[in-house]
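In what follows, a structure is listed as structure tokens, so that the remarks can point back to it.
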Amino acid sequence: MAHGANQIRVIGGRHRGRRLTFVPVRGLRPTPDRVRETLFNWLQADVPGARCLDLYAGSGALGIEALSRGAAFVCAVEQNRQAAQRLAENVSLLREQGAFDVRQTDVLRLLRQPPEQAFDIVFADPPFADRVLPEVCRLLESNHWLAPEAVVYLEQDAKAAWAEPPAGWTISREGSAGQSHQRLLRRNMRNEIMTDL
């Protein structure tokens, strides 16, 4: 977390060092700098040119970081109107409107519909109290939101047990920091043997 109230700092890429403000709302916990640095080290070969879906976007820290590091497109989904509006304003400040779409809607409602195009990387970091990650994963898989070899990043309360990933998903990386536990899963629908890097 950047110093200064309600700020995030872009860590890498073309917007490196930019500080952006966010609206504090219930359950919003911007992924800390150290965790984002680790995550994007895990994803460094996946991000360039990727289509990314940032669910429960909040401050937009993960989606903006992905775009800064070379993602082709980010769709950020945030239900809270004020948080979504501030995120859209930040995207405008970065002059990235054409590559970053902010949708103010409920994540589960959105995922119950098929997408216009599948995504290569998905970030899902819902409020810990909601316990929705198993349903999020099920809908991503069953409604064709994912590219054949998509990568899905999940973050949840460190005290909670992980649900079994959907068939065809393998656990690539895991980590923990403070009160959160992170997991990176890779979807393999081409019958290739996936190994942890």
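The values are calculated or read from the model by the stated rules, or taken from the named source; none is laboratory data. Since the structure is predicted, the reported quantities are computational estimates derived from the model, not experimental observations. As a convention, Cβ positions derive from the backbone with ideal geometry for all residues, glycine included, and neighbour counts pool all protein chains shown.
Please determine, by comparing only the residues of the range 62-97 that are among the acidic types (Asp, Glu) and closer than 19 Å to Arg19 by Cβ, which one is surrounded by the fewest Cβ atoms within 10 Å (Cβ to Cβ).
Checking each candidate, the answer is Glu89.
Which residues, counting only those in the range 102-124, are loosely packed, with under 15 Cβ neighbours inside 10 Å and closer than 20 Å to Gly70 by Cβ?
Gln117
Please count how many residues of the range 116-144 are in contact (Cβ under 8 Å) with a residue 40 or more places away in the chain and part of a loop (DSSP other than H, G, I, E, B).
5
Here are the criteria: (1) buried (at least 19 other Cβ atoms within 10 Å of the Cβ); (2) within 26 Å of Gln179 (Cβ to Cβ); (3) not aliphatic (A, V, I, L, M). Tell me which single one Asp46 does not satisfy.
(2)
Among the residues of the range 98-109, which ones are assigned to a loop (DSSP other than H, G, I, E, B) and more than 17 Å from Phe22 (Cα to Cα)?
Correct list: Thr105, Asp106.
Among the β-branched types (Val, Ile, Thr), more than 17 Å from Val136 (Cβ to Cβ) and in contact with a Lys or Arg (Cβ under 6 Å, 6 or more places away or on another chain): which single residue out of Val35, Val10 fits that description?
Val10
Only one residue in Ser142, Ser180 is surrounded by 17 or more Cβ atoms within 10 Å (Cβ to Cβ) and either of a type in the set (Gly, Ala, Ser) or more than 15 Å from the chain's Cα centre (by Cα) (or both). Which one?
Working: Ser142 fails: surrounded by 17 or more Cβ atoms within 10 Å (Cβ to Cβ).
Checking each option against the conditions leaves just Ser180.
Taking the condition of being under 16 Å from Asp46 (Cβ atoms) and not in a strand (DSSP E or B), how many residues in the range 146-188 meet it?
Here the count works out to 1.
Which residue, of Ala160, Ala147, Ala167, is of a type outside the set (S, T, N, Q) and at pLDDT 95 or above? Outline the logic, then answer.
Working: Ala160 fails: at pLDDT 95 or above; Ala167 fails: at pLDDT 95 or above.
The unique qualifying residue is Ala147.
Considering only residues that are hydrophobic (A, V, I, L, M, F, W, C) and in contact with an Asp or Glu (Cβ under 8 Å, 6 or more places away or on another chain), look in the range 172-197 and name the one that is modelled with the highest pLDDT.
Leu184
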